[in-house]
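Please treat every number below as a calculation from the coordinates, not as lab data. Given the structure is predicted, the values throughout are model-derived calculations rather than measurements. Cβ sites come from the backbone with ideal geometry, for glycine too, and all protein chains shown count toward neighbours.
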Amino acid sequence: MSERELNLPSFPWDSLKPFQEQAEQHPDGIINLSVGSPVDPTPEVAQQALSAHANYPNYPPAIGSPELRQALMAWAKNRNLGLSADNPPLPTVGSKEAVALIPGQLGIEPGDRVLIPDCAYPTYEISALLAGAEPIPVGPDPSTWPEAELAWINYPANPTGYVASIAQMREIVAWAREHQAVVIADECYATLAWEVPEAGPEGVPSLLDPRVTDGDNTGLLILYSVSKEANFAGYRAALVAGDKKLMARLTEVRKHSGLMVPGPVQAAFAQVLTDRSHVEVQKARYARRREILREALLAAGYEVDPESRAGLYLWVSKAGVTDAWELVAEFAKAGILVAPGAFYGTGSETLRHVRIALTTTDERMAQVPNRLVAQR
């Protein structure tokens, strides 16, 4: 068994180490805009709930405490997911765990095909490989998609910030119906909508929105995380919701596997889903940083993709540069670490871009314009 190959790719972030070391040599230190890990305080209501439930000796329920289930349903109603009361969202131990494991939990197996966006978060590919299935990169137009058992979509997209319209998602649902396939939408950046006319109070429209599904979510699931909107990444709490039959299967698998969000975290999770005042506060922080970063990049001669309209990143290129690693090196000289497009796909357009996150403090982001000017 020890000789069986997992056939997993190398962990991409390890290749950034030399550029990180170079950026750390900047006189004012590194500004790390590569990973997208939150830096702002977790909301006080979450910290208080975690502390109040610190004495938690028993096993937590895999389906969520009654308080968390109530909060999940209230959130789903505000997000316009059209879920019935007997089919609430299911908590997961962060969204990356869910992305990586859910295809296997749904029964995807060797010989099956899993469609993944051709420019995307790497864990979609990993989810197929862990299940022994074949990952197939595809573009955004479902009319070009081949037969498959499952398809991943991600809007707002990581790394690009692209957003699908309601009409585009209806086409994806039509493909799923025709091919009797499952579609899973990773919607973890939904709240962070910047230039999206269709966005509502809880962000860009969901795959489960009745305007997309006509009230039928058969074969459809979404994932959502509060990691970015509530600076909750260290707590590891997210959710999956959708098709009642698929949710029942996931619930049973997760019960048997012991995939339980810790009890104190469930209490904190319920609070950030219920008290939404922190969301606008955090969104305003990211909006300020986004404007500073965007204007600095344009002034320094970089190009920001105009379709980068939501999410936590800007998708950036430079005229005449076809290899994003050149841009990574260029930014590193200015003490700024960014992620190359090679982490997200192999297409020529992807390979000439870098992803730049908004996740640094206001103080550090304010240094970016001067650093880029000095680098020119």
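A few points about this structure:
- Per-peptide average of other Cβ atoms within 10 Å, ordering 323-332, 243-252 highest first: 323-332, 243-252
- Sorted largest first, the spans of the alpha carbon positions of the chain along the three principal axes are 58, 50, 50 Å.
- Length released on extending from residue 291 to residue 177, taking residue separation times 0.36 nm less the Cα-Cα span: 37.0 nm
- Highest-first arrangement of 369-376, 256-263, 270-277, 219-226, where packing means the average Cβ count within 10 Å: 219-226, 270-277, 256-263, 369-376
- Amide N proximity, the stretch 75-93 versus residue 56 label position 7 Å along Cα-to-Cβ, cut-off under 17 Å: 90-93
- Residue-averaged 222 nm ellipticity for the chain, from DSSP H runs of 4+ at -39500 (n - 2.57), nearest 500: -11000 deg cm²/dmol
- In nm, spacing of pseudo-spin labels at residue 85 and residue 165 (7 Å Cα→C-beta vector): 3.8 nm
- Within the stretch 256-272: backbone nitrogen closer than 19 Å to the residue 77 label point (7 Å, Cα to C-beta): 270-272
- Counting beta carbons within 10 Å around each of 11, 269 and listing the fewest first gives the order 11, 269.
- Most fluctuating residue given options 150, 130, 90, as computed from a GNM of the chain linking Cα atoms under 10 Å: 130
- Of the DSSP H helices in the chain, those that are both long (alpha-carbon extent of 24 Å or more along the helix axis) and hydrophobic (Kyte-Doolittle mean at least -1.0) are 277-299.
- Whole-Hz couplings from phi, Karplus 6.51/-1.76/1.60, listed for the stretch 219-232; x for Gly and Pro: x, 10, 9, 10, 10, 9, 9, 9, 4, 8, 6, 10, 6, 10
- Amide H contacts under 5 Å for residue 185, placed H, 5+ residues apart: 153, 221, 222, 223
- Once the chain from residue 274 to residue 349 is taken as fully extended at 0.36 nm per residue, the excess over their C-alpha distance is 22.9 nm.
- Sequence-distant aspartates and glutamates (8 or more away, or on other chains) whose Cα lies within less than 14 Å of residue 244: 86, 216, 252
- Beta bridges assigned by DSSP with both partners in the stretch 45-274 are antiparallel in approximately 35 percent of cases.
- Exceeding the 29 Å Cα-Cα cut-off - candidates 96/255; 96/333; 96/245; 17/255: 96/333; 17/255
- Electrostatic dipole magnitude of the chain [Cβ: Lys, Arg +1; Asp, Glu -1; Cα centre; debye, to 20]: 760 debye
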